[in-house]
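The values are calculated or read from the model by the stated rules, or taken from the named source; none is laboratory data. Everything quoted here is computed from the prediction, not taken from an experiment. We place every Cβ from the backbone using ideal geometry, glycine too, and count neighbours over all the protein chains shown.
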Amino acid sequence: MKQEVPRWRIWFRWIKLVIIIYCALGIAFYYLQEAILFHPSAVQRSAVYNLGCAYRELNLPYDNETNLNIIQFNPQGDSVAKGVVLYFHGNRNNISWYAHYASNFTRRSYEVWMIDYPGFGKSTGRFTEERLYDYALQLYRLARKQFRPSDIIIYGKSMGTGIAAQLAAVRDCRYLMLETPYYSMTSLVAHYLPIYPVDNMIHYHFPTHTYLEKVTAPVVIFQGSEDGLIPCSQAKRLIPLLKPRDEFVLIEKGTHNNLNNFPLFHQKLDSLLER
């Protein structure tokens, strides 16, 4: 006669299985987080971008192993530049993926300078949070050789919002503009992994909320109500940190990558850049 397995033993087996799965997923994220969070596309240094508009390409040596590739988009027509937009893009591909957004500013007589992070496009070197902040600072210093702080707009999109916010916290600018920002990278990852001690696991924190408290320039946040990648709740947590003159522009039905399709987005940019 087959002996019945005690219920406590069955529960013990299930609990052990759950713990094993929990630990395995946590360990996998810890060691694979760069591949999960960032999706760069590298290209050969000799490659020529076909961006469909006029641009200048600059390769800025940072150290013996680091090359920072920068694309500088010219104002449309023969207009004299009113200023420059330092554009920090998201976590995927390279500058070619984001180049079409430059026209939001070039058609309004601004130059746009986009920088690729190491491993993205033609940029090489170490990819760490502190290094990303320093690379952004190098771009700002380059811009200051031609433009006053009052003519510099710092713009961050998605992952780039944390980098942009940190730069604006330590350097003056006309505006800090953040498109689909997160409260911090830690809080964003915790949204997806709520049962893990994310603070102790993640290598990249990007505490946007901490930097916003130190930004003296006007801040403008663009956020879609239906963002499925960086939830709208992340951006809304930043609202209490905004100054009276700052703006939070909520675009109804906007998602993570389509805010550029909404008239409200362009109407707001027009009103800001004409001031």
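Data overview
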| item | result |
| --- | --- |
| Residue within the range 23-31 that is surrounded by 12 or more Cβ atoms within 10 Å (Cβ to Cβ) and in contact with an Asp or Glu (Cβ under 6 Å, 6 or more places away or on another chain) present | no |
| Selection count where residues are surrounded by fewer than 17 Cβ atoms within 10 Å (Cβ to Cβ), within 24 Å of residue 266 (Cα to Cα) and aliphatic (A, V, I, L, M), scope the range 183-242 | 3 |
| Some residue of the range 44-58 being under 14 Å from residue 117 (Cβ atoms), in contact (Cβ under 8 Å) with a residue 24 or more places away in the chain, in contact with a strand residue (DSSP E or B) (Cβ under 7 Å, 6 or more places away or on another chain) and not in a helix (DSSP H, G or I) | no |
| Residues that are in contact (Cβ under 8 Å) with a residue 24 or more places away in the chain and hydroxyl-bearing (Ser, Thr, Tyr), drawn from the range 185-232 | 187, 196, 204, 208, 210, 211, 216, 225 |
| Candidate set from the range 90-133 (those that are of a type in the set (Asp, Glu) and out of contact with any Ser or Thr (no Cβ under 9 Å at 6 or more places or on another chain)); member that is farthest from residue 64 (Cα to Cα) | 111 |
| Qualifying residue in the range 205-223 (condition: at positive phi, at pLDDT 95 or above, assigned by TED's automatic domain parsing to the domain that holds residue 266 and not small (Gly, Ala, Ser)) | yes |
| Strands (runs of 3 or more DSSP E) completely within the range 71-173 that count 3 or more residues being under 25 Å from residue 232 (Cβ atoms) | 83-88, 152-157 |
| Filter pass, residue 181 being closer than 27 Å to residue 31 by Cα, within 15 Å of the chain's Cα centre (by Cα), assigned to a loop (DSSP other than H, G, I, E, B) and not basic (Lys, Arg) | yes |
| Cβ-Cβ under 8 Å pairs, at least 6 apart or on other chains, the range 2-26 side among the aromatic types (Phe, Trp, Tyr), far side at pLDDT 80 or above | 22/195 |
| The one condition in (1) more than 23 Å from residue 140 (Cα to Cα); (2) over 22 Å from the mean Cα position of the chain (by Cα) that residue 63 fails to fulfil | (1) |
| Flag if residue 170 is surrounded by fewer than 24 Cβ atoms within 10 Å (Cβ to Cβ), modelled with pLDDT under 95 and β-branched (Val, Ile, Thr) | no |
| Any hit, the range 47-55, residues being under 15 Å from the mean Cα position of the chain (by Cα) and either at pLDDT 95 or above or among the aliphatic types (A, V, I, L, M) (or both) | no |
| Matching residues, the range 66-106, being aromatic (Phe, Trp, Tyr) and within 17 Å of the chain's Cα centre (by Cα) | 87, 88, 97, 98, 101 |
